[in-house]
Amino acid sequence: MMPRPQEKVDFTLTDTEGEPFDFRARTEGYVTLVFFGYTYCPDVCPIHMANIGAVLDDFPLEVRSQIKVVFVTTDPERDTPERLRLWLDNFDTSFIGLHGSRDEVNEIQVALGLPASVIEETEGGEYLVGHSARVLAFTKDNLAHVAYPFGTRQADWAHDLPKLVDERWE
Amino acid sequence: MRLWCTSSQGVAWDWTWQPYVGVWLFILLIAVAYWLHLRRFEPSAWEDCTQRRRHIVFFALGLFLLWLALDWPIAPLGMGYLASVHMVQYMLIALIAPPLLLLGFPAASYEKLSDRPRALATLRNTTQPLVAFLIFNVIITVTHWPALVDPFMSSQLGTFALDMAWLVAGLVFWWPLIAAVPAWPRFLPLFQLAYLGLNGIIIRPPFFILLFSKYPAYATYELAPPIPGTSALSDQQLAAGIMKLGTAAVMVVAMVFVFGEWVRSSKRSDA
């Protein structure tokens, strides 16, 4: 649980179809899981996405249809919309991938109470992107009452998400 | 420098070789101890030269398989990424290497145990078939219990303890079948077949957990960087299959050997 619920932030980024995605308008009335990461991430991002995808796959349609997952790339240079779409499809084809400039995305992260992402150079001219490992869960009241750290397991998601859908997060 | 392999601890899998110095020392220690043990025997203690070579080959093969299970790449894959490889490790350490290691000792080694009455008494108490069966199955159940395995696999000492528990469990299980201590009553072939058969069909609780749980049972594999083309749950179900069918296969092979030996010895006594 977050000590103080985090309000949704108004922003519009580009989705993997190249269309503008108005975050507040398009997620209104849904439980929305928001995660900032990148497709070259070696650990946290694929683990979170794989676990959420596996659990959603198991939910009945009436629960599943009330949940959106939004993945915002923190590595716009390498994560082209095509690559982002392909990568997300490994986990769930309904996952929404958003793309914006590094500054735009950092501003959104800070507005949501998350640290801005940072580039970490590695050997051979490659780089990693340091970013928050938390998934923000916005409920239908447009507030994030809960944030899920790295280490959240499928059983935890399966336990919590239906409760968030039913607005029973206390 | 790592002495023993641990869970992946957030590092993505790649094929970069890693040394596990503790594993090398452990294997070397066993090899040296075996060589020193063999040197104690006069040539006359051996049945014949072929027999001697056979014992050495069995022991070397057992030790090689043990090393294979404990070192890169099986160990890091099994301890950090794939439950199915973890189960292959278990098969090698607990079910396949121990009988080969025990077959590596000549009859004279087991005869020599009578020089150490206290060790012999302890061995006798722990390796009576019913006790050995219980010890093996309790250890295997406990060492696959998710709540215990996850914390153990996060440290070198923990994974060392798991590996040693499997090895000891395997040696205890196979002892009544292979180690022929002359002073002890013979384990009759019919009972040997029952002992192996029962172990082949017994269903331990971890098997149910692995096969039927809706979500991954082990945090280690669920929270390890995924290997493309696998999911934690399908990997876990494969692990359950390896555990059940692999154990059954080893038991069937052993039963064939026991039955064959039984038929041969019956023919010899008839002749």
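Can you give the FRET efficiency to the nearest 0.05 for B:Leu134 and A:Arg168, using r as the Cβ-Cβ distance and R₀ = 35 Å?
0.15
Cα-based count: Lys pairs in the protein assembly as shown below 27 Å, eight or more positions apart or different chains?
9
Please report the buried accessible area for the interface of A with B, total over both chains, probe 1.4 Å, in Å² to the nearest 100. Provide the component values of the computation, followed by the final result.
Values: alone 8210 and 14090 Å², together 21210 Å².
Summing both chains' loss of accessible area gives about 1100 Å².
When only alpha-carbon atoms count, how far does the stretch A:82-170 stretch along each of its three principal axes, as whole angstroms with the largest first?
Cα spread of the stretch A:82-170 along its principal axes, largest to smallest: 48, 29, 24 Å.
Accessible area of the stretch A:7-117 with a 1.4 Å probe: how many percent of it is carbon plus sulfur?
50 percent
With bins 5 Å wide starting at 0, give me the P(r) of the stretch B:128-258 over every alpha carbon pair, in whole percents.
Binned Cα distances yield the sequence 2, 10, 16, 20, 18, 14, 9, 6, 3, 1, 0, 0.
Calculate the spin-label point distance for A:Met2 paired with A:Asp89, positioning each point 7 Å from the Cα along the beta-carbon direction, and give it in nanometres.
Simple spin-label model gives 3.3 nm for this pair.
Over the protein assembly as shown, with a single point scatterer placed on each C-alpha, what log10 of the ratio I(q)/I(0) does the Debye formula yield at q = 0.06, 0.13 1/Å?
Ignoring solvent entirely, the Cα scatterers give -0.37, -1.10.
Using only the alpha-carbon atoms, what does chain B span along each of its principal axes? Please give whole angstrom values in decreasing order.
61, 39, 32
Using only the alpha-carbon atoms, what does the stretch A:1-58 span along each of its principal axes? Please give whole angstrom values in decreasing order.
35, 29, 24
Starting from one equal scatterer on each C-alpha and no solvent at all, send me the Debye-based log10 I(q)/I(0) for chain A at q = 0.12 Å⁻¹, two decimals.
Normalising to I(0) and taking log10 leaves -0.49.
Name the residues whose placed amide hydrogens come within less than 5 Å of the amide hydrogen of A:Gly97, ignoring near sequence neighbours (fewer than 5 apart) on the same chain.
Those qualifying (amide H under 5 Å, at least 5 residues apart or on another chain) are A:Thr16, A:Phe71.
When ligands, DNA and RNA are left out and all protein chains stay put, how many square angstrom of accessible area per residue does the protein assembly as shown have with a 1.4 Å probe? Don't jump to the answer; show the numbers that get you there.
Details: 21210 Å² over 441 residues.
Computed with neighbouring chains in place, this is 48 Å² per residue.
In the stretch A:20-64, which residues give up 50 Å² or more of accessible area once the other protein chains are added, compared with their chain alone (1.4 Å probe)?
Residues of the stretch A:20-64 that lose at least 50 Å² of accessible area once the other chains are added: A:Ile47, A:Asp58.
Along the stretch B:89-105, what does the Karplus equation 6.51 cos²θ - 1.76 cosθ + 1.60 (θ = phi - 60°) give for ³J(HN,Hα), rounded to whole Hz, x for Gly and Pro?
Each residue's phi maps through the Karplus curve to give 4, 4, 4, 5, 6, 9, 10, 9, 5, x, x, 5, 5, 5, 5, x, 9 Hz.
How would B:Cys49, B:Cys5 rank on accessible area, largest to smallest, probe 1.4 Å? If you can, show how the numbers build up before the last one.
Values: B:Cys49 90, B:Cys5 5 Å².
Descending accessible area places them as B:Cys49, B:Cys5.
Search the structure for amide H atoms under 5 Å from the amide H of A:Leu13, placed 1.01 Å from N in the peptide plane, and list their residues when 5 or more places away or on another chain.
Answer set, sorted by chain and number: A:Phe21, A:Phe23.
The values are calculated or read from the model by the stated rules, or taken from the named source; none is laboratory data. Keep in mind it's a predicted model, so treat the numbers as computed, not measured. As a convention, Cβ positions derive from the backbone with ideal geometry for all residues, glycine included, and neighbour counts pool all protein chains shown. SASA here: full protein model, heavy atoms, side chains in, ligands and nucleic acids out. Shrake-Rupley method; radii C 1.70, N 1.55, O 1.52, S 1.80 Å.
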